[in-house]
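Below you'll find the structure, written out as structure tokens, and then a few comments.
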Amino acid sequence: MASMTMVQALNSAMDVMLGRDSDVLVFGEDVGYFGGVFRATEGLQKKYGVTRCFDTPIGEAGIVAVAVGMGAYGLRPVVEIQFADYIYPAYDQIVSEAARLRYRSAGDFIAPLTIRAPYGGGIFGGQTHSQSPEALFTHVAGLVTVIPSNPFDAKGLLISAIESDDPVIFLEPKRLYNGPFDGHHERPVTSWAGHPASEVPLEHYTVPLGSAAVARPGAAVTVLTYGSMVHVALAAALDSGIDAEIIDLRTLVPLDIGTITTSVEKTGRCVIVHEATRTSGFGAELSALVQEHCFYHLEAPIERVAGWDTPYPHAFEWDYFPGPARVAAALRRAMEA
Amino acid sequence: MADSPRLSLHIPEPTRRPGEPPDFSAVRPPLAGGLDRPAVDVEASAIRDLAYGLIRVLDDDGKAVGAWDPHLEPETLRSGLRIMMTTRALDDRMVRAQRQGKITFYAKSAGEEAIAAGQALALRPDDMGFPTYRQQGLLIARGYPVAAMAHQVYSDRSDPMQGRQLPCLYSSRAHGFFTISGNLGTQFSQAVGWAMASALKGDDRIAAAWIGDGATAEADFYEALTFASIYRAPVILNIVNNQWAISSFQGLAGGEETTFAARAIGHGLPALRVDGNDFLAVYAVTAWAVERARSNLGATVIEHFTYRAEGHSTSDDPSRYRPAEEAKGWPLGDPILRLKTHLIALGEWSEEQHTALAAELDALVREAQRGAEAAGPLAQADPTVKAQAMFGDVYAETPWHLREQAKAMGEG
Ligand SMILES: Cc1ncc(C[n+]2csc(CCOP(=O)(O)OP(=O)(O)O)c2C)c(N)n1
Ligand SMILES: [Mg+2]
């Protein structure tokens, strides 16, 4: 065990997998010598050599395409897209190719790649360093979409993603890289040190894909969320005094529907929280599923708290970021209905 | 099968890393003035050698020599110097503001100022620019107020972009400066479209686009070359090869195998490779490409061979991936110093004038900064201003769901 930040835990996952499986390799823009702009691959090139962890040209379509080709050969590439905002040039390779290789070849070819990308706001990155594009991937058949919220899960999920034979979109909440930010930006920055989930085994372990976690048990209302918003929801529960049960989905597709329905059937109320824009966001899917599975248990309309339907504006970080006040207000509305 | 050797993969690596002395032995700048200047209606296939050479005008003594000497008036030279020095003064001041926590981010163009300055003066003011975040000099050259740049960088109440963009991602249609994207490469092929439109409409304006060496790996780069070539679009396609793309040396974009200018050859486009730290040479090659485009002879690719003298942006520390002393060893010198030396050699400038200009520009950018600080952060403006800045311009007409969200934001 060691106390790790989320970046260190991700680094440890890649380290473990590079060490265990000679078919695993890590590449992307600035990930080799420099160790990545967020340091997620620091030291890996030094330890495993330039053929296992290397820099690529600035061509996201090319990065994913060569990963698909390597996967076809039998390797297990782990690629980094420097910011999720820069994944769009690779969209065709992800959607039309990686996601469908298995299906269109009747299992003859697979795309066992992991595409890591930092996502989300809270760092004054403006509209091209802050987006949360998960719904663009959850909508695509054949892709697994994973979003961790703490160091322990980040490592275990990333190892599962690398070991998976399906293409995994692994979105990392960059605002959580170095501490469990709960949206209270006016307060001093907190670090992961001392947080229970920062205790991370040094060796190999997995957190299974497709399984949610209960981040906070509660009886009054169910909160469905993931990534940075898990910590915001925890703060909102504390601030409002509402006994919310907070579900950290961890994997969006395939979704752990059992954990969701068990909780909503217990509480009868549901608030969905994500940082991504609201319209056609993953919250819409969650809302529909809860309605389909739990309609007769619901005692209040389902609430959604999400990013506004605008690009992420540089100046208005905290007006845009769905912070604890907005989540607490939604919890209250759900309780009052 | 038995006879084939085992395959192995080549992974490009720069020759020097931190802790080692800089190595520019691969950069062997030819003497200034050595290359011929072809007629602008030359066949692209007849000038392929220029894609591998290096057009230089200023020699080591600051004299302008050779066929590419644009014979500029001293007044134009002084304008160029002023644009470059304004750019550097603004960059220095804004980086200082970032270090003091007053702004979130900044990207300098230190060492590359001659490119935007020289090209702006060779283009017509109404020609359209599709820049990256390192062509702030183009805005300055076209008379965009430095004060407005500071407002943008500060995301303050007078920010022309209403706080929507990261610092340095300017936009000004009135100054022929296309809104800068954070996503690399996209502007390169868009510029071709603008140029195609100008040709379709029988206009006489041309377009110019810029891209970094690193970003040439994006598909947009090749699409730009293909479209520009087949439609003979009136566009100048500039590659700013400053040797680095964050921590990645230009070899990772293919600079080890051939030049960036040579990418044009397979597309049948003429290419010029120029000393990007030589204001006169930059001006001269641009003027050549401008004349060619304006004579309906189509696009030109220009590689500006230069060096990113400082970090990528305020977000990185270059001494983590390249020798700390590397910038000092760059064989093509500093563009401002070289033009200054030239002007002094001509008897058209003096140390005293230079010092006075530096002081004047320092006062100008300080004044711009004071203006930005006085305006105050847009983030603290009143709710209606904020709602307009946040929800306006998403669509031509704000639909019901955005109006609802704006209201919800106002209510907290
Ligand atoms: C599509 C895309 N991918 C990655 C990035 C991240 N990024 C920003 S600048 C940069 C390096 C660009 O280098 P270069 O093109 O050489 O331009 P320079 O910064 O040297 O002027 C990278 C990788 C981005 N902005 N857009
Ligand atoms: Mg560069």
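The values are calculated or read from the model by the stated rules, or taken from the named source; none is laboratory data. What you see is a predicted model; the values in this text were computed from it and never measured. Quick reminder, even Gly has a Cβ in these numbers, built from the backbone with ideal geometry, and neighbours come from all protein chains shown. Side chains are part of the model used for accessible areas, which takes the heavy atoms of the whole protein and leaves out ligands, DNA and RNA. Shrake-Rupley method; radii C 1.70, N 1.55, O 1.52, S 1.80 Å.
Among the residues of the range A:102-120, those that are surrounded by 22 or more Cβ atoms within 10 Å (Cβ to Cβ) and either within 11 Å of chain B (Cβ to nearest Cβ) or away from ligand 1 (no atom under 16 Å from the Cβ) (or both) comprise A:ALA111, A:PRO112, A:LEU113, A:THR114, A:GLY120.
Scanning the range A:294-316 turns up no residue that is of a type in the set (D, E, K, R), assigned to a helix (DSSP H, G or I) and either open to solvent by less than 70 Å² (accessible area, probe 1.4 Å) or in contact (Cβ under 8 Å) with a residue 24 or more places away in the chain (or both). Being away from chain A (no Cβ under 14 Å), of a type in the set (Val, Ile, Thr) and touching a Leu at 6+ places or on another chain (Cβ under 9 Å) is a condition met by no residue of the range B:226-235.
Taken as a whole, the condition of being open to solvent by 30 Å² or more (accessible area, probe 1.4 Å), in a helix (DSSP H, G or I) and within 19 Å of B:GLU112 (Cα to Cα) does not apply to B:ARG366. Does at least one position in the range A:125-135 carry a residue that is away from every other protein chain (no Cβ under 13 Å), open to solvent by 10 Å² or more (accessible area, probe 1.4 Å) and closer than 28 Å to A:GLU42 by Cβ? Among the residues of the range A:125-135, at least one is away from every other protein chain (no Cβ under 13 Å), open to solvent by 10 Å² or more (accessible area, probe 1.4 Å) and closer than 28 Å to A:GLU42 by Cβ, which makes the answer yes.
Does any residue of the range B:86-93 turn out to be away from every other protein chain (no Cβ under 14 Å), in a helix (DSSP H, G or I), hydroxyl-bearing (Ser, Thr, Tyr) and open to solvent by less than 40 Å² (accessible area, probe 1.4 Å)? Scanning the range B:86-93 turns up at least one residue that is away from every other protein chain (no Cβ under 14 Å), in a helix (DSSP H, G or I), hydroxyl-bearing (Ser, Thr, Tyr) and open to solvent by less than 40 Å² (accessible area, probe 1.4 Å). Within the range B:380-408, no residue satisfies the criterion of being surrounded by fewer than 19 Cβ atoms within 10 Å (Cβ to Cβ), within 8 Å of chain A (Cβ to nearest Cβ) and in contact (Cβ under 8 Å) with a residue 24 or more places away in the chain. Within the range B:219-232, the set of residues being part of a helix (DSSP H, G or I) and either within 16 Å of ligand 2 (Cβ to nearest atom) or open to solvent by 20 Å² or more (accessible area, probe 1.4 Å) (or both) comprises B:ALA219, B:ASP220, B:PHE221, B:TYR222, B:GLU223, B:THR226, B:PHE227, B:SER229, B:ILE230, B:TYR231. If we scan the range B:201-212, do we find a residue that is closer than 23 Å to B:PHE305 by Cα and within 14 Å of chain A (Cβ to nearest Cβ)? Taking every residue of the range B:201-212 in turn, at least one turns out to be closer than 23 Å to B:PHE305 by Cα and within 14 Å of chain A (Cβ to nearest Cβ).
Screening A:ILE115, A:ILE110 for residues that are in a strand (DSSP E or B), assigned by TED's automatic domain parsing to the domain that holds A:ASP85 and of a type in the set (A, V, I, L, M) leaves exactly one candidate, A:ILE115. Please go through the range A:30-45 and give me each residue that is open to solvent by 10 Å² or more (accessible area, probe 1.4 Å), facing chain B (nearest Cβ under 9 Å) and closer than 18 Å to A:PHE83 by Cβ, ordered by number. Selection gives A:PHE34, A:VAL37. Per the conditions (1) of a type in the set (Ser, Thr, Tyr); (2) touching a strand residue (DSSP E or B) at 6+ places or on another chain (Cβ under 7 Å); (3) farther than 30 Å from A:GLN93 by Cα; (4) open to solvent by 10 Å² or more (accessible area, probe 1.4 Å), the sole criterion not satisfied by A:SER198 is (4). In the range B:157-190, the residue that is farthest from ligand 1 (Cβ to nearest atom) out of those that are closer than 22 Å to B:PHE221 by Cβ and not in a loop (DSSP other than H, G, I, E, B) is B:PHE177. Restricting attention to the range B:297-345, the residues that are touching a helix residue (DSSP H, G or I) at 6+ places or on another chain (Cβ under 8 Å), more than 13 Å from ligand 2 (Cβ to nearest atom) and within 30 Å of B:SER45 (Cβ to Cβ) add up to 5. Applying a threshold of 6 Å to beta carbon distances and a minimum spacing of six or more residues, or different chains, the list of pairs starting in the range A:118-138 at a residue that is free of Cβ contacts under 8 Å to residues at least 24 places away in the same chain and ending at one that is polar (S, T, N, Q) is empty.
The condition of being within 30 Å of A:ASP182 (Cα to Cα) and either modelled with pLDDT of 95 or more or of a type in the set (S, T, N, Q) (or both) holds for only one of A:VAL26, A:VAL31, A:VAL95, A:VAL66, that being A:VAL31.
If the condition is being under 28 Å from B:TRP244 (Cα atoms) and either assigned to a loop (DSSP other than H, G, I, E, B) or within 10 Å of ligand 1 (Cβ to nearest atom) (or both), then the range B:191-218 contributes B:TRP210, B:ILE211, B:GLY212, B:ASP213, B:GLY214, B:ALA215, B:THR216, B:ALA217, B:GLU218.
Any residue that is assigned to a helix (DSSP H, G or I) and within 16 Å of ligand 1 (Cβ to nearest atom) - is there at least one of those in the range B:285-305? Checking the range B:285-305: not a single residue is assigned to a helix (DSSP H, G or I) and within 16 Å of ligand 1 (Cβ to nearest atom).
Can we say B:GLU291 is surrounded by fewer than 21 Cβ atoms within 10 Å (Cβ to Cβ) and either within 14 Å of chain A (Cβ to nearest Cβ) or within 12 Å of ligand 2 (Cβ to nearest atom) (or both)? Considered against the rule, which asks whether it is surrounded by fewer than 21 Cβ atoms within 10 Å (Cβ to Cβ) and either within 14 Å of chain A (Cβ to nearest Cβ) or within 12 Å of ligand 2 (Cβ to nearest atom) (or both), B:GLU291 comes out as no.
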